[in-house]
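Only one structure is covered here, and it is reproduced in the block below.
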């Protein structure tokens, strides 16, 4: 049986994914994507995939978000959709 | 309700991975803004990683690191290792690779979108297409 | 177009869900993937075959070390690709469309700079720990490398890219990145020169003062170091290029 | 060192790239020699491997030296290379084509990407390493990693081109990522049901556990097919290809057009033959009232016709060639799915031929554009007189594309059409012939333009893009450009004359397989 | 039948191909260049002649160049009666044509003569390749080679007209060969399981039913569109934009005869006359050929351009040959084989004359030819002989072949088609004889009046006189040809 903590995390994941794609401010979207990465990292730790969680924390929530923000700064912040 | 109990609850992970993947894939295809497409791409790739990690989960199993003291030469050297007690490590290995690949792809795609912005002054697909229409085409 | 996209997505989703019903139960110990010979072999024999307690590390850097080598190459590719695309070699005097970065303050904030300067050494030491302790705990080349790279990114964030570039110049980035892969593939090549197949570490016992099994363990550390060096250099390079539109000046 | 040759095929370009990183960035003049050296070593290793295969049949190379577990065939716990006659042939094509294009690139890279030379060559070498690695590996996941290497390098190699190239590179990234992710997912679906990653092991488990009816395996099959189809630009998943190939730098187009789609077709055949098994591939129904073989052959007929028709209306040379490639992809996919040995032989043989045909044409077009500065077909006005030697090579390539003897294009059509007749897939036969005729129209129209000189009413269009470096118009064709062109043109005739030998090699790999003609 | 293995047929084929090298190398020195062509032609003819006695003894000469070009099918030459007949016609007329083109090309001061001679030599190589091909694939290879090699010849003038003529030429020839012959050939290949050797009984015999047989037969007959069979004939009049030597040799002899030769091979070597008899489908081909004979003759009546008129005449005459073979009788085959030679000699004379007239006077149209016979008596005399030969009147060689065709039709009891043959001969008279009458008996218009004789260059006149005399000689001494034709008939039909 899947632990209830997992289920909550999974639901949150979907919500953050949708938010990241709905927000028109791309800087905010990048930030929400960071949160998304962090949540998924938690999920993996919960699923006993510690190495994956570690990597995701460093790469997904860390570097990915930073380079996304960097790109937003170098391009446009507003999106039409 | 029975359907939910039988097919959704026991495989909730798989359902969510499909949902996330479809969210990401839809964004990749249908979003107008290139940056949004890339966020979709990242979500799409993490969804697949979620799928793989879900494969490897064993109920009641521990993280795939043997106790330091069980190493040869130590006290419990000859205790057999029981596979069921540890999570399947193989999907984790694969997904480490996949994560690295996804960040590499993301970085490259961001660089390309910066170059597009340099050329066209926008990241909106429709604006760029209307600019191209004005240029001499093949 | 939008309708078509939705259709394609829903169709794919339906296809994937169709197969979900066929999957073994979540968390099952006896599913083919979990109870199969392959996975069990790794778990049960890793300590006799490699002496590395962290099974993930052992599989990553020994059983499937060839994968991992190319994974490092993927990072390397991303690094050089981004340089090839974005790097402004000084002759790009063309106008650049306005961007958010143009409105940033010139001087870095004092509090941020000082905090970062405090954090960075700790971060770097921790990164080395993660790398070296990858045999026994979660971590290893990638994680350590990313953290090491992140420390330089942090310098760049706090003080500007130029300051970070003083410690890690562009030339050095390329040299380090290539060195990392060379450490990895060179290890494999030495195995090859010693008469065994590529990346067959046990033969290293002939030149390392250990037995063949410990040679595997040591070699894993060596190649993980290579991974870390490449990843650290490239992560910083990616950031530096993306944050400065390839000029390597100014930045966020 | 003979038994280590397979690994050298992939390692040589990798070490070449590293060497460029060490010395090439400072001494730009060394980049090309290093590239050529690495590719020569790779070619030599390929030839050595090929000879081993011919004398000893298919063999396995264990990376990391992990022996297989268990009795019988057992399962693989490490990563293996597996070389048979078909993969050796494809490797040979990769090595030869990449070396020729590297020679060709001498003046082009300097002219088109002057400040990025070392990076360009590093990406070039790594693309070759990725393609060769994909061809030779026997591990389903390892294939994904190498696929990503070749994808990332090709995105970059395209995006260093002009203004439009960047945009097409982005589309390629999106499509390519979907493709690669589908592949990864497909492997996951296989893994969840079989628990192994080695291609032959997957097949063994599918057979042993009788998983043919399992929905997961079927979905995995669909996903992997979709993935390779996206990557090979199989109509209607082709949208990324034409712009990517036509706006990218000359060398990129000349390297990618012959290799990338062809290697993906090889991967598709590999998946059909090694992972799923031919009986599965041709018989799987996915619970639908149709037969896979018939469906895919119909799709390829559509692809052939659509590609040809789209090529007909192009005025840009490279774009026209790109659409022809889309039609050619249809040839090979259709041939592989005809469910008989002749069709499969034709498909594999056409991989080799098509690689050299596209190479020849792209190289020739590169010379034309370098000389005239005009990418349009109309720009070829009077070229037979101006550069007869290059035009002669182009003519050979074009005749091969049309499928006229004694060029190799005729013989691949021979096998493909023969396979179509044998399978009774008349629409496929019709589509092949239609495409030959369309190619004839296209190329003879070009010949007319080049043969009957006339005053050009409109001059070459002004280059609107300052970054698409106004390509230096060469006064003479340097030897570095004409030599590869001529080698490829001669290869076309050689491949045609020795087609029987080549198909025998292919047959030695296919001979043990059982083909299942579609029921009814 | 006894088979002799010898590379002579291959050398005969190669002789003209190798000549390309000196032709291109000596492109700047026209005399040396043309000498090379002559030498190649002589060598070729000598090689072909050397094979004649052997073949007449009923032996076959075989040479395998590539053991298996595709599985089970070698690249192989085999010389039999039909092949040697055709090879002899083509190679002997090549020498005359070379002489003629020397005069013509220099007289007309044409450009790119080196290219012209080079591709001419390649075409001849392909023609002999077709003649000596031992199997369908070899035949097809050389057939396609001929299509391509003649394209630069047809479009020699490189102007707008040449461009559209060349376009029609290739469209018809390539689309039919790729669209029809290739699938039909592959169908045969898959039916026979890999063998495509022409054999007396036909290698397809007994392997197909009437319906498939008819489809394949028609695919072949229409696919070898060089035979000018309707409705795939219109490339031929359009190809007349080529310089006259090209029209003469290629479009009266080499190219078009390759078309009919291939059709004969299909009927005799692929299906076999016996098998066609049992399938009872050859009549369809007969009727198509009969239709072509009649319609083309009618069209020829309306043409004013001399070369176009001759072209339509050629279309009709070619269909005679197909008609003869499709009767499936011994006499029909004899008639067809002889007509290959007879028509070649006659028609090349007419084309030579047309070219000579153009060189001497610049006239292209029949209506302009009033009184030209007084100015060019030799040419027009030769023209008269050629015309009569085409019509089939004794004492000219065309009479023999028409006689055997007639007999063949009677044997096959195809009386309507025999009627068509006769009507068409009358039509031949109607479109050829008025030219002769105009030339000799009408007064020239004032501005055309020239005192005395003003013939074309000697290099043009000699060949046309030779061929005209050939028409007469072949009537007087048909024995050799007849024995060859009889040999062909005995090996392909059962009495």
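FYI, it's all coordinate maths here, none of it is from the lab. Since the structure is predicted, the reported quantities are computational estimates derived from the model, not experimental observations. Cβ coordinates were reconstructed from backbone atoms using ideal geometry, including for glycine residues, and neighbour counts include every protein chain displayed.
What to note about this one:
- Shielding score for A:7-14, defined as the mean number of other chain Cβ atoms within 10 Å: 4
- Sorted peptide list for E:353-362, D:375-384, D:69-78, criterion being average Cβ within 10 angstrom, highest first: E:353-362, D:375-384, D:69-78
- Radius of gyration and Dmax over the Cα atoms of chain B, both given in Å: 22.8, 78
- Remark: D:84, D:210 ranked as D:210, D:84, counting other beta-carbon atoms within 10 Å and listing the fewest first.
- Rounded if a/c under 1.5, otherwise prolate or oblate - chain A, Cα gyration tensor axes: oblate
- Residues D:408, E:466 arranged by fewest to most Cβ contacts within 10 Å: E:466, D:408
- For D:421-430, mean number of other protein chain Cβ atoms within 10 Å: 2
- Peptide-level mean, for E:140-149, of C-beta atoms on other protein chains within 10 Å: 3
- Per-q log10 I(q)/I(0), the stretch E:222-350, q = 0.10, 0.14, 0.20 Å⁻¹ (Debye; single scatterer per alpha-carbon; no solvent): -0.29, -0.55, -1.07
- Packing-based exposure ordering (other Cβ within 10 Å, fewest first) of D:87, E:401: D:87, E:401
- Helical mean residue ellipticity (222 nm; -39500 (n - 2.57) per DSSP H run of 4+; nearest 500) of chain B: -21000 deg cm²/dmol
- For chain D, the pair-distance distribution built from all alpha carbon pairs, in bins 10 Å wide starting at 0, is 4, 20, 31, 27, 13, 4, 1, 0 percent.
- Listed peptides E:248-261, D:314-327 appear in the order E:248-261, D:314-327 once ranked by packing, highest mean of other Cβ atoms within 10 Å at the front.
- In terms of Cα atoms, the Rg and Dmax of the stretch D:139-185 work out to 11.6, 38 Å.
- The stretch B:1-57 pair-distance distribution - Cα-Cα, 5 Å bins, rounded %: 5, 22, 21, 17, 14, 11, 7, 3, 0
- 10 Å-binned pair-distance histogram of the stretch D:250-408 (Cα, whole percent): 11, 35, 30, 15, 6, 1, 0
- Cα gyration tensor shape of the stretch E:334-449, rounded if a/c is under 1.5, else prolate or oblate by comparing a/b with b/c: prolate
- Only helical runs count toward this figure. For chain D, summing -39,500 (n - 2.57) over DSSP H runs of n ≥ 4 and dividing by all residues gives -24000 deg cm²/dmol at 222 nm.
- Taking N as the residue count of the protein assembly as shown, its C-alpha radius of gyration divided by 2.2 N^0.38 Å amounts to 1.05.
- The stretch E:281-495: Cα Rg divided by the 2.2 N^0.38 Å rule of thumb: 1.06
- Ordering of E:64-71, D:503-510 by packing [mean C-beta count within 10 Å, highest first]: D:503-510, E:64-71
- Quotient of Cα Rg and 2.2 N^0.38 Å for chain E, N being how many residues it contains: 0.91
- Chain E - mean residue ellipticity at 222 nm from DSSP helices (-39,500 (n - 2.57) per run, n ≥ 4, rounded to 500): -23500 deg cm²/dmol
- Rg and Dmax [Cα atoms of the stretch E:148-277; Å; Rg one decimal, Dmax integer]: 16.3, 51
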